[in-house]
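The values are calculated or read from the model by the stated rules, or taken from the named source; none is laboratory data. Here the structure is a predicted model, which is why all the values come from computation and not from measurement. Positions of Cβ are backbone-derived with ideal geometry, glycine not excepted, and every protein chain shown enters the neighbour counts. Side chains are part of the model used for accessible areas, which takes the heavy atoms of the whole protein and leaves out ligands, DNA and RNA. Shrake-Rupley method; radii C 1.70, N 1.55, O 1.52, S 1.80 Å.
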Amino acid sequence: PTPSPTPSVSPIPPVLPNKPYYEEIGETGSKTLWVVFVIMLLSTLAFIALAWRVPVQKRLFHVITTLITTFAALSYFAMATGDGNSYAHIIIKETHKHVPDTVEHVFRQVFWARYVDWSLTTPLLLLDLAFLAGMDGASILVAIVADLVMVLTGLFAAYGKSDGQKWGWYAIACIAYLVIVYQLVISGRRAVRSKDSSTSKLFASIGGFTLILWTLYPIVWGIGDGARKWSVDAEIVAYAILDVLAKPVFGFWLLFAHARKATAIEGFWSHGLSSEG
Ligand code: RET
């Protein structure tokens with residue numbers, strides 16, 4: 001028989017295809033999502049109960065805060081049941097000197113339901129703070145639009161195919177975040193100066209708490225989705241802690257502090273004045 005002209009080993013292709021690699025939710029992540037769903041649901045019920053105890057005209061903060069945990073509960077229900085996510089396709093090209101180039105395909109699970117949640121709840125959280133400080137309409141509008149830009153560009157960043165695209169969107173989102181910080185720190189503090197001292201003290205502490213918490217979100221994103229140094233589960237747990245602090249804990253703090261302030265003022269009018277005359 002004549003020897004076959006083609007060699008028995010196939011030639012090495014110029015680009016080595018690698019097996020796709022999946023990064024996705026595990027048992028810890030799944031349990032965490034359910035736990036946070038229950039926390040958000042119970043907080044929502046508690047906020048509704050608190051709203052019933054005050055007259056309709058004084059329920060603005062109750063309504064805003066209840067909506068925040070309602071949206072969070074919906075988003076966590078979606079994520080816990082396997083909805084509201086899809087896989088970001090990340091392409092990692094590596095060029096080598098003497099060996100063929102390699103292309104790595106990574107599929108990382110992104111929970112886009114978070115971004116839907118944030119696009120509704122973070123403007124509401126800003127409204128809570130803005131109404132507390134008595135901020136003007138222009139500053140509120142700028143803060144809310146910057147907030148929407150931050151969340152939507154953050155969503156694009158999460159689905160970035162390459163490092164350039166991912167970190168490009170991330171940088172834009174961070175600039176938008178700085179606009180929010182500016183509005184809270186400069187416009188918010190300017191506005192609250194014309195209010196009573198207990199309101200400005202409350203705004204300083206709850207606003208400071210907000211700024212610290214919010215700053216941790218882009219850090220978690222950077223380590224998790226960005227650098228992919230954390231597993232999907234680690235990221236879920238980190239966001240879970242932040243979300244519970246930023247929504248229910250923030251809400252109870254605001255409502256109780258505000259109620260205390262209101263009773264102090266009522267007390268002043270009913271006792272402080274009447275005792276004088
Ligand atoms: C992203 C990534 C892109 C850069 C920045 C981000 C900031 C997110 C923030 C989220 C806050 C969420 C809250 C949720 C409510 O419970 C989108 C993570 C700056 C600040 C407070």
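Taking the criterion of being open to solvent by 90 Å² or more (accessible area, probe 1.4 Å) and modelled with pLDDT of 75 or more, the residues of segment 239-276 that qualify are Ile241, Phe256, Arg260. The residues of segment 99-119 that are under 16 Å from the mean Cα position of the chain (by Cα) and open to solvent by less than 40 Å² (accessible area, probe 1.4 Å), listed by number, are Val110, Phe111, Ala113, Arg114, Tyr115, Asp117, Trp118, Ser119. Contact map, segment 104-119: first residue over 16 Å from Ser162 (Cα atoms) and touching a residue at least 40 places away in the same chain (Cβ under 8 Å), second residue open to solvent by 30 Å² or more (accessible area, probe 1.4 Å) and in a helix (DSSP H, G or I), Cβ cut-off under 6 Å, separation 6 or more or different chains; pairs are Tyr115/Leu155; Asp117/Phe71. In segment 148-166, the residues that are touching a residue at least 60 places away in the same chain (Cβ under 8 Å) form Cβ pairs under 6 Å with partners that are open to solvent by less than 70 Å² (accessible area, probe 1.4 Å) and more than 12 Å from the ligand (Cβ to nearest atom), at six or more places apart or across chains, as follows: Tyr159/Ala88; Lys161/Ile91. Evaluation of Thr210 against the conditions (1) touching a residue at least 60 places away in the same chain (Cβ under 8 Å); (2) within 18 Å of the chain's Cα centre (by Cα); (3) loosely packed, with under 14 Cβ neighbours inside 10 Å shows that the sole unmet condition is (3).
Every residue, every condition in (1) modelled with pLDDT of 95 or more; (2) within 19 Å of Asp233 (Cα to Cα); (3) of a type outside the set (Gly, Ala, Ser), yes or no:
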{"residue": "Pro11", "(1), (2), (3)": "no, no, yes"}
{"residue": "Thr32", "(1), (2), (3)": "yes, yes, yes"}
{"residue": "Thr70", "(1), (2), (3)": "yes, no, yes"}
{"residue": "Ser75", "(1), (2), (3)": "yes, yes, no"}
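For segment 47-78, a residue qualifies if it is surrounded by fewer than 16 Cβ atoms within 10 Å (Cβ to Cβ) and assigned to a helix (DSSP H, G or I), and the qualifying residues are Ile48, Ala49, Trp52, Val56, Gln57, Lys58, Leu60, Val63. In the set Thr122, Thr81, only one residue is open to solvent by 10 Å² or more (accessible area, probe 1.4 Å) and touching a helix residue (DSSP H, G or I) at 6+ places or on another chain (Cβ under 7 Å); that residue is Thr122. In the condition set (1) under 29 Å from Ile241 (Cα atoms); (2) more than 10 Å from the ligand (Cβ to nearest atom); (3) assigned to a helix (DSSP H, G or I), Arg114 is compliant with all but (2). Going by the conditions given, is Ala143 within 15 Å of the ligand (Cβ to nearest atom) and either surrounded by fewer than 18 Cβ atoms within 10 Å (Cβ to Cβ) or touching a residue at least 40 places away in the same chain (Cβ under 8 Å) (or both)? So Ala143 passes the test. Among the residues making up segment 158-184, those that are in a helix (DSSP H, G or I), farther than 27 Å from Gly207 by Cα and within 12 Å of the ligand (Cβ to nearest atom) are Ala158, Lys166, Trp167, Gly168.
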